[in-house]
1. Along Cα→Cβ, 7 Å out, is where each label goes; now give me the distance between the ones at Arg236 and His309 in nm to one decimal.
2. Would you grab the residues whose amide H sits under 5 Å from the one on Val325? Only those 5+ places off in sequence or on another chain, please, with H modelled 1.01 Å from N.
3. Tell me the label-point distance for the pair Val70, Ser281, using the 7 Å Cα-to-Cβ offset, in nm and rounded to one decimal.
4. What is the Cα centroid distance between the stretch 201-248 and the stretch 295-312, reported in whole angstrom?
5. From the phi of every residue in the stretch 314-325, what ³J(HN,Hα) in whole Hz does the Karplus formula 6.51 cos²θ - 1.76 cosθ + 1.60 yield, where θ is phi - 60° and glycine or proline is x?
6. Check the straight Cα-Cα distances from Lys82 and name the aspartates and glutamates below 12 Å, setting aside those fewer than 8 residues away within the same chain.
7. Name the residues whose placed amide hydrogens come within less than 5 Å of the amide hydrogen of Thr195, ignoring near sequence neighbours (fewer than 5 apart) on the same chain.
8. Nothing charged except the Cβ atoms of Lys and Arg (+1) and of Asp and Glu (-1): what's the magnitude of the dipole of the chain about its Cα centre? Round to the nearest 20 debye.
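Just so it is clear, none of the values below were taken in a lab; they were calculated from the coordinates. Since the model is a prediction, treat every value here as computed from it, not as a measurement. For neighbour counting, all protein chains shown are included, and Cβ atoms are generated from backbone atoms with ideal geometry for every residue, glycine included.
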Amino acid sequence: MADIEKTLLDLDREELCSWVKEWGSPGYRADQILEWVYRKGVYEFEKMSNLPLRFREKLARDLPVTRSKVLDWVQSVDGTQKATVELADGEIIETVLIPEPDRQTLCVSTQVGCAVGCVFCASGLYGVRRNLSAGEILYQFLIAVERLAREGKDRLTNLVVMGIGEPLHNYSALTRSIGILNASWGGQFGARRMTVSTSGVVARIRQLAREPWSVGLAISLHAASEDLRQRLVPGRGIGTVADILEAGREYHLHKGRRVTVEYCLLDGVNDSPEEANQLASLVGGGSFKVNLIPHNPVEGLPYRPSRKHVAEQFRSVLDRRGVPVTLRRPRGEGVSAACGQLRVLSMEPGGHGS
Ligand code: SF4
């Protein structure tokens, strides 16, 4: 994987203080910089008027705020907006902003490509190219905040890590970016308004449960039977259905937040009443709620969304068995949102906590 040069967004407050002091400036300069970046949304050092000129020049040369840039924003008819972002090494990622009447949700990517290779997903077609740095993850948050402010819209209310990539395969950058987003000197964004979505990296789910902040957890299951699951989500390092759900239950126990099980309904593949019953047996007991997602077809792949009445039947099986379940309408059509993004587009309003 490419070695990406550090930017200011990659550093926490302590590290920035050390940099600043190493350059012979007092530590409080770090707080002044952070204030410009995270409070005022200013990323050009020349505009940071309370910093000495020579210091600003040095920062601009040696520690730019970011090396990423937005190539464009496109908007679908339902208001969903997708930013295409170019990273320092020319790689491209996507970030999606989903406006709803009661909230504004941002869906961020954590990798270029994805190693999990879900068979119905465009992002996993070519494997993973590299992990994003914490700064590259945070940049997506900052451009969304800026976009909403510029359009005079409501502030960002939710952040979901469900874009391109398996977030738990990039654990250290993910947790660093969550820490910075959550910090009082950083994004000041509540952990309870963030959700991490995984395809089932069991050891990392357990590790996440021990982190100090209580982010929401979503597990993309897409199948109840082990055979089918292995066919649909073949990635290495992903646990069995039983192990994944056990880790999910532990997460619920530790954090007191009910875990969302995401299930993308594929016509004739995983949408039978038998599969629904099996799923109900696995996720009963109060630790989980199920989010049924209408599949958005990907060009060149043979999967179609379940028919409406089949999807409804699947939902009602779970409902009858007492499992909290939501079947959502598709969003983001026309902006070719990636698979992971479609997962978020179908999340239920009101957050993902229990
Ligand atoms: S659905 Fe998510 S986990 Fe699966 S290949 Fe696509 S990006 Fe990766």
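1. Here the answer is 4.6 nm between the modelled labels.
2. Under 5 Å from the amide H of Val325: Val290.
3. 5.0
4. Spelled out, the Cα-based centre of one part sits 23 Å from the other.
5. 4, 4, 5, 4, 5, 4, 4, 8, x, 8, x, 9
6. Of all the aspartates and glutamates, those that pass the test against Lys82 - Cα under 12 Å, at least 8 places apart if same chain - are Asp72, Glu94, Glu333.
7. Sorted by chain and number, the residues that satisfy this are Leu159, Val160, Val161, Gly216.
8. Values: 45 positive and 42 negative charges, 140 e Å.
So the magnitude is around 680 debye.
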